[in-house]
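**Student:** If you scroll down you'll find the structure; I have some questions about it.
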Amino acid sequence: MKGAPCVLSVAEHTGWAHVIGVAAQGRVPAVVLRRRITLIDPDLPTQPYEHDTAAMRDEDADALIARVRRSINRHASIGLQRVEAELSPAYAIVALAIREPPFSDLPGTVADVRRSYRLQCAADGMLYQLALCRAARKLGYDVQLSRRGDEASKAAQCLDTTPGAVDDFVSRTGRPAGMPWTQEHRRAFAAGIAALALHLREPLHLMPT
């Protein structure tokens, strides 16, 4: 493997995502890249399950979702490849860290999605989550999933420290330069730290040793 191991950690939205690259610098986790990537063509709806398919006939709704899926899949793949190219050759991407989808997959039709209110509420976001996971696996990345709010605990377990220490590190000590640095950035950083720790031979530390 050429380059130091690096994890891409994603905070996805409907239509776009924050991506941060997390790597070790002197065995201390560091943000080595921050980017926003587009995940859909501008002429397509970003939340088709919630809005655009509501009044459509089943076949028209399914056709729209198919177009949206193709667009998201393409943009997810292109976005990750561009980030990988930007980080190369200094870093080699080993994993993608992303929020765990509430369901393992989406049904094949809009009608099937609408049979579950919980699934219907989650479906639009899952389009992006699942596309990013698929794109990452095709590129050979390990995909690490974290439940929202569990990122610091997961990182703490990997580093044999406390969630509070991880929170302090991602909020203050390890915070990269530049704005903004929101809660979703901090959670993505923590998730990236946990994923990176699994791919290093030597343990990570939150302070230089």
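What follows draws every value from the coordinates through simple rules; no lab data is involved. Everything numeric here is computed off the predicted structure, so don't read it as measured data. All Cβ positions, glycine included, derive from the backbone under ideal geometry; neighbour counts span all protein chains shown.
**Student:** Taking K and R as +1 and D and E as -1, what net charge do the other residues with C-beta under 10 Å from the C-beta of residue 193 add up to?
**Tutor:** 0
**Student:** When only C-alpha pairs under 8 Å and at least 6 residues apart count, what is the relative contact order of the stretch 111-199, in percent?
**Tutor:** About 26 percent, as a whole number.
**Student:** Taking amide H positions as placed in the peptide plane 1.01 Å from N, state which residues far from residue 206 in sequence (5 or more) or on other chains have amide H under 5 Å from it.
**Tutor:** Amide H to amide H, under 5 Å and 5 or more residues apart or across chains, residue 206 pairs with nothing.
**Student:** Express the relative contact order of the stretch 38-126 as a whole percentage, based on alpha carbon pairs under 8 Å and six or more residues apart in sequence.
**Tutor:** 39 percent
**Student:** Next question, about the same structure. Once both axes come from the Cα atoms, what is the angle between helix 58-87 and the longest principal axis of the chain, in degrees from 0 to 90, rounded to 10?
**Tutor:** 20 degrees
**Student:** How far, in degrees from 0 to 90, does helix 183-197 lean away from the longest principal axis of the Cα atoms of the chain, to the nearest 10?
**Tutor:** That works out to roughly 60 degrees.
**Student:** Another question, if that's okay. Have a look at the DSSP beta bridges in the chain and tell me what percent are antiparallel, nearest 5.
**Tutor:** The antiparallel proportion sits near 60 percent.
**Student:** Same structure again: Net charge within 11 Å of residue 71 by Cβ-Cβ distance, Lys/Arg positive one each and Asp/Glu negative one each, not counting residue 71 itself?
**Tutor:** Here the count lands on +2.
**Student:** Which one is right for this structure if Rg/Rh (Cα atoms, Kirkwood Rh) is calculated from it: [x] 0.92; [y] 1.07; [z] 1.01?
**Tutor:** Among [x] 0.92; [y] 1.07; [z] 1.01, the one derived from this structure is [z].
**Student:** Please compute the contact order of the chain in relative form: average sequence separation of alpha-carbon pairs under 8 Å and at least six residues apart, divided by the residue count, as a percent.
**Tutor:** So the answer I get is 29 percent.
**Student:** A follow-up question, please. In the neighborhood of residue 110, defined by Cβ-to-Cβ distances under 13 Å, what is the net charge if each Lys or Arg adds +1 and each Asp or Glu adds -1?
**Tutor:** That works out to -3.
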